[in-house]
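Structure, as structure tokens:
The values are calculated or read from the model by the stated rules, or taken from the named source; none is laboratory data. On a predicted model such as this, the values are computed, not experimentally measured, just so you know. Every residue, glycine as well, gets a Cβ built from its backbone with ideal geometry; the counts of neighbours run over all protein chains shown. All accessible areas refer to the heavy atoms of the entire protein, side chains included, with ligands and DNA or RNA removed. Shrake-Rupley method; radii C 1.70, N 1.55, O 1.52, S 1.80 Å.
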Amino acid sequence: MVRKTLSLNQKICLLLISVITVPTLLYGYWEASQVQERLLKQEKQLLARIIVTLEQRLPGGFDEILAAEGLSNADEASKRAALNRRLQPVVDEISRRWPGYGIGYYSREFNIVALAPYNADNLGRAAGPHVLEVYATGQAVFSYIKDGFTQGGVPVVAYSHPLFYNGQLIGHAWANSKTSTIDHASNVTIKSN
């Protein structure tokens with residue numbers, strides 16, 4: 001077996017290609033991660049604004065809404081339906097201000113009570129594991145969701161904020177958006193380098 005050795009010119013050429021290519025690729029990935037990080041920060045700020053609006057528009061606690069409807073002693077399905085009747089118009093109105101975002105109210109006792117985009121099948125649905133931290137810590141949670149409660153099967157970034165009433169954690173409000181815009185910007189950055 002004959003082994004071919006590279007000439008000095010070939011070795012220098014390979015070295016130059018490596019010296020130019022590797023840093024360029026590393027810079028491209030670094031820049032893409034910076035773009036993605038910046039976009040995620042902007043998205044988190046927007047999701048937080050949506051959450052603040054949801055929180056401000058919550059008319060008291062869930063128990064107070066049910067008491068006003070005369071349903072304090074009703075069954076769970078009736079209570080959930082009453083909360084939905086009262087809160088769905090609020091969610092729909094806020095959703096019109098921010099189209100393309102998933103938003104809603106979640107009751108610790110009754111699960112999802114209002115959401116946009118509206119899907120009756122999701123009313124009463126339990127929150128995914130990414131939200132459990134809200135209840136464990138009483139703090140807002142920003143998460144990336146690949147499966148489970150997504151928008152049409154597309155991954156989302158979600159912001160879940162605890163709702164307190166009279167010092168009690170009664171549920172949470174959430175806002176989420178598809179990651180496709182962020183992923184697209186990151187991919188464009190990589191390809192442009």
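The table below lists the values:
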| read-out | value |
| --- | --- |
| Count of the stretch 8-53 residues which are under 14 Å from Val157 (Cα atoms) and either open to solvent by less than 70 Å² (accessible area, probe 1.4 Å) or hydrophobic (A, V, I, L, M, F, W, C) (or both) | 9 |
| Filter pass, Glu43 being assigned to a helix (DSSP H, G or I), acidic (Asp, Glu) and within 22 Å of His130 (Cβ to Cβ) | yes |
| Residue satisfying condition, being in a loop (DSSP other than H, G, I, E, B) and farther than 30 Å from Ser160 by Cα, within set Leu14, Leu6, Leu25 | Leu6 |
